[in-house]
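Reading through the C-alpha cells given below for one structure.
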Amino acid sequence: TDLRPLDILSEAVPAGGLARGMRVFQVQGVRGFQLSSSRPRALGFPASRLFIHCDRFPEEFSIIVTLRALRRPAKVSAAGGNAGHGPGPRVTARALPQRNEYIFTLMVEESPSVLVGLRYAPDKLHFLFWSQERAGGWQTRVTFANVSLSDNQWHTLILAVSGQSFSLTVDCSIPKDVVMETPFPASLSVRRASFYLGNRRRRKGVFTGLLRQLVLLPGADATPRMCHAVNFKVATLSVPTVLQDVPAKPVSNEVLKYPYETDMKVTLGARPHCSKQEKAQFWFNASRRGLYLCNGSTWLSMLEVQHRLDYVEEYQNLVTNSETMGIEVFSIPKVGLFAAVANRVTPPGSAIYRWTDGKFVHYQNIPTYQAQSWKYFTIGKKIFLAVANFEQNERGQEFSVIYKWSHRKAKFITYQRITTHSARDWEAFVIEGEAFLAVVNHREGNNHNIDSVIYRWNPRTGLFETNQTIPTSGAYDWEFFTIGPYSFLAVANTFNGTSTKIYSHIYIWLSGSFQLFQSILTFGAADWEVFHIGDRVFLAVANSHSYDSGIPAPSNFYAINSSIYELNITAQMFVKFQDLLTYSALDWEFFSVGDDSFLVVANSFDGFTFSVNSIIYRWQGYEGFVAAHHLPTVGCRDWEAFHTPEGSYLFYSSAKEPLSKVLKLKTT
C-alpha cells in the first residue's frame, strides 16, 4: 500500500509546457486537457519512463481517472406529413449513438493489440487487457454496465484490479463488482510498450472530452485513499502542475459555477506555461506576492515583494547508495529537474534523482568508480553529463565517462570514455563559440605533480579531443568565469607531495590557449567559487588543511582561514578581501534570496569530529560576509543551491554517511 502513484498524465506533459495535441480548458472551475485526434502518437510515451526498475505491469493495482465526457448532441430529422400532422414535414429529435472512445491504452510498438486499456461507450465502461496464457494470446474485455458518464459533468473513476476481481467506483458511490473467468495476468511484460492518452494509436476512437487525472497505483485499492474529499467528482491523487493553477470552485455553491472557459485573465498558483496562447495574461504568485505578465515566451515581473531569508529548515533526507562526494543539480528542458550524486562505493555506483511532487526521487543508477563529481552541460541540442572517476574499474582501466541524454530512452547513456588519473572534477565552458571540457587529474600513483587536461569539442567527429595540458599539483577543482570579453580558468592545487601550502593559479585565455594570469598562495585548496555582487567580482577559495613535512605540525591542521578575493580593476589582479575561519573547508556555494547575497561553506572536519557546523554567511556590505546561520552537517563535502516554483533550497552531500539532505530556505 505504500507504493508510489504513477502519474500517467503528468508523464506525457513536458516540463513547463504542453505536448503536441494538448490544450487546457477550464469548466466549472476545474481544468482538464483536451486531446487532439490529428497526432495520436504525439500523445504517447514509453512505458519504461514509469516502469524504471521492472518491465512488468503490476498484478494488483488501481487506475484513477478524472474526466468530463461530452454529451452527444441530438440529431434532428424531418419526415413527410401524415394524417393528424397536416401537410408539412414532421421534425423529430433523437440522441446520436455514441462511439467508443479510449481514455488510455498501453500498446507494444509493433502490434495493433491493446495490452491494457480503458474505453467507454453509451452507459458502459470497458476495461481491456491482453492475456498470453494460451498460444497467441487473446484480449479480455471487462464490461461495467449502467455507467453514465456523458453528461458534461466531471467524474472520478476508480478501477481496482486483483486477479479475477474487478471493481469500479464512480464518484465514490457504491462499487460495481465483476468476477471474470480470466484473471488479470500475473506477469504482463511492458517491454517496448508505450502509453497513449485518449487513443489507441489511431485517429478513430479518440477521447473527445476533458481529461484531468490518470494515475496508476500499484498494489492497492485506491478507493479509501480517494473517497474522503469534499468534492468526490474531482477527488485528486495526482494531477499535472498545469492543471493545478486554479482551484476548483465548490460545486455546492451554484453562484460560483460558470459554464465553459478558455481564457483566464489572472492565473493563481505555481508558475504556469507562458506561450503565444497565454500572451497578455497575468499570473499572480501568492508565495512571492508577485504579479507577472506573459509576453508570449516569458513571465515579466510587474510587481514583486522582495523576500528575505528568515531561517533554514530540514526538508528531505535523501538516502544515497553510499557516501556522496559531490552533487550536480540541473534541469533538462521539457523533462524536469534532476540531481546527480557522486557516490563513493562501487557497486552500486552513483545515482540520478528526479524532482517529483516536491521531492527528489530515484531515477537512474550509473556505474561509477569512487566518483568525485558530476558536470552537466549542453552543446547545441545535445545534453551531456560527465563523471569524474577517482579509481580504476574491475579491469584495471582508469577513465572518466561522458554520458549523453537519450530522448527516446529518457535516460543517460554512455557517450565517450576519457583516460584520467584520479579525476576530481570536470568543468565545461564555451569560448568564442567553441565548447571545452577540462578535467582535474589529482595524482598518478603517488605522484601528485601531473598534468590536468583541457579538451576541445570536435563538431566533425562529435568527440572531445585534447587541446591543452596544464601542470597541476594534487588538484581538486576547476572554476571557469568571464569578466567582460576575457575568459579565465582557476585551478585549486591541494598537495605537491610534501606540502599543502602551495600556489593555486588563475589562467587567462589569450591567443587560443590559457596562459598564467595570477598565482595565489593556498592551503590544501579544494574549491574556487566566483560570484558577482553588483559590479564587484569576487573569488572565494576553500582551504582544507595546512600540512608541510618540513616544519613542525600546527596544533590543528584543519582549523584554517579560507579567503575571499576581489578583483581590483586598476591593479588587474585579485586582492584579498576577507578571511573566514573554516574547518577543512571543501566547498563554497553562492546564492541569493531577494536582494540579499549569501555564501555557504562546507566544513567537513575540525580535527576531532566530522560532525561540525557548516555556516551560511550573509553579505553585509562594508562588513563583508557575516555568519548568519549555523547548519549541523556530517562530513559535508558539497553544497548546491537550486530553485523551484515552490521555493529555494540548499542540497548538501555527506562524504561520511550515505545520507544527504535538502534544506528549504524559509523567507519573510
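The values are calculated or read from the model by the stated rules, or taken from the named source; none is laboratory data. Keep in mind that what you see is a predicted model, and the values were worked out from it rather than measured. Positions of Cβ are generated from backbone atoms using ideal geometry, with glycine treated the same way; all protein chains shown enter the neighbour counts. When the accessible area is computed, the model is the full protein with side chains, heavy atoms only, and any ligands, DNA or RNA have been set aside. Shrake-Rupley method; radii C 1.70, N 1.55, O 1.52, S 1.80 Å.
Which one is most open to solvent (accessible area, probe 1.4 Å) among residues in the stretch 542-580 that are closer than 19 Å to Arg637 by Cβ and of a type in the set (Gly, Ala, Ser)?
Checked the stretch 542-580; the qualifying residue most open to solvent (accessible area, probe 1.4 Å) is Ala559.
Would you call Leu631 in contact with a strand residue (DSSP E or B) (Cβ under 8 Å, 6 or more places away or on another chain), part of a strand (DSSP E or B) and more than 19 Å from Val530 (Cβ to Cβ)?
It is true that Leu631 is in contact with a strand residue (DSSP E or B) (Cβ under 8 Å, 6 or more places away or on another chain), part of a strand (DSSP E or B) and more than 19 Å from Val530 (Cβ to Cβ).
So which residues in the stretch 618-668 are surrounded by 15 or more Cβ atoms within 10 Å (Cβ to Cβ), hydrophobic (A, V, I, L, M, F, W, C) and farther than 23 Å from Gly594 by Cα?
Matches in the stretch 618-668: Val634, Cys636, Ala655.
Collect the residues in the stretch 156-172 that are without any contact (Cβ under 8 Å) to a residue 24 or more places away in the chain and surrounded by fewer than 19 Cβ atoms within 10 Å (Cβ to Cβ), keeping them in residue-number order.
Gln164, Ser165 - these are the residues of the stretch 156-172 that are without any contact (Cβ under 8 Å) to a residue 24 or more places away in the chain and surrounded by fewer than 19 Cβ atoms within 10 Å (Cβ to Cβ).
Pairs only if they're at least six apart or on different chains, beta carbon under 6 angstrom, first in the stretch 28-46 and over 14 Å from Val13 (Cβ atoms), second at pLDDT 85 or above; list them, first residue then second.
That search, which allows pairs on different chains as well, returns Val30/Trp154; Ser37/Val206; Pro40/Asn199; Pro40/Arg201; Pro46/Ser194.
Can you name the condition, by its number, that Ile470 falls short on among (1) over 14 Å from Asp451 (Cα atoms); (2) surrounded by fewer than 22 Cβ atoms within 10 Å (Cβ to Cβ)?
Among (1) over 14 Å from Asp451 (Cα atoms); (2) surrounded by fewer than 22 Cβ atoms within 10 Å (Cβ to Cβ), Ile470 violates only (1).
Return the residues of the stretch 581-597 that are crowded, with 21+ Cβ neighbours inside 10 Å and either assigned to a loop (DSSP other than H, G, I, E, B) or not hydroxyl-bearing (Ser, Thr, Tyr) (or both); say none if nothing qualifies.
Ser584, Ala585, Leu586, Asp587, Trp588, Glu589, Phe591, listed by residue number.
Can you tell me how many residues within the stretch 373-394 are within 15 Å of Asn441 (Cβ to Cβ) and of a type outside the set (D, E, K, R)?
7
Could you please find all residues in the stretch 598-611 being farther than 23 Å from Trp478 by Cβ and buried (at least 22 other Cβ atoms within 10 Å of the Cβ)?
Phe605
Yes or no: Arg71 in a strand (DSSP E or B), open to solvent by 80 Å² or more (accessible area, probe 1.4 Å) and at pLDDT below 90?
no
Tell me, which residue of the stretch 107-134 that is among the charged types (D, E, K, R) and either over 21 Å from Leu43 (Cβ atoms) or in contact with an Asp or Glu (Cβ under 7 Å, 6 or more places away or on another chain) (or both) is surrounded by the fewest Cβ atoms within 10 Å (Cβ to Cβ)?
The selected residue is Arg134.
Mind checking which residues of the stretch 426-444 are outside any strand (DSSP E or B) and open to solvent by 20 Å² or more (accessible area, probe 1.4 Å)?
Once the filter is applied, which keeps residues that are outside any strand (DSSP E or B) and open to solvent by 20 Å² or more (accessible area, probe 1.4 Å), the stretch 426-444 yields Glu432, Gly433, Arg443.
In the stretch 35-53, what count of residues is obtained for those that are in a loop (DSSP other than H, G, I, E, B), open to solvent by 60 Å² or more (accessible area, probe 1.4 Å) and more than 16 Å from Ala410 (Cα to Cα)?
Adding up the residues that qualify gives 2.
Just give me the residues in the stretch 181-222 being at pLDDT below 90, closer than 16 Å to Ile64 by Cβ and either among the aliphatic types (A, V, I, L, M) or open to solvent by 50 Å² or more (accessible area, probe 1.4 Å) (or both), in sequence order.
Within the stretch 181-222, Ala220, Asp221, Ala222 qualify.
When both residues are 6+ apart or on different chains and their Cβ atoms are under 9 Å apart, which pairs have a first residue that lies in the stretch 522-540 and is assigned by the TED database to the domain that holds Ser584, and a second that is open to solvent by less than 10 Å² (accessible area, probe 1.4 Å) and modelled with pLDDT under 95?
none
Can you name every residue in the stretch 120-177 that is on the phi > 0 side of the Ramachandran plot and either among the polar types (S, T, N, Q) or not assigned by the TED database to the domain that holds Leu188 (or both)?
Asn146, Asn152
Before we move on, is Gln26 open to solvent by less than 20 Å² (accessible area, probe 1.4 Å) and modelled with pLDDT under 85?
Spelling it out, Gln26 is indeed open to solvent by less than 20 Å² (accessible area, probe 1.4 Å) and modelled with pLDDT under 85.
Tell me the residue from Phe495, Phe481, Phe531 that is aromatic (Phe, Trp, Tyr) and assigned to a loop (DSSP other than H, G, I, E, B), please.
Checking each option against the conditions leaves just Phe495.
Taking the stretch 402-420, which residues are closer than 15 Å to Thr466 by Cα and free of Cβ contacts under 8 Å to residues at least 24 places away in the same chain?
Within the stretch 402-420, Arg417, Thr419 meet the criteria.
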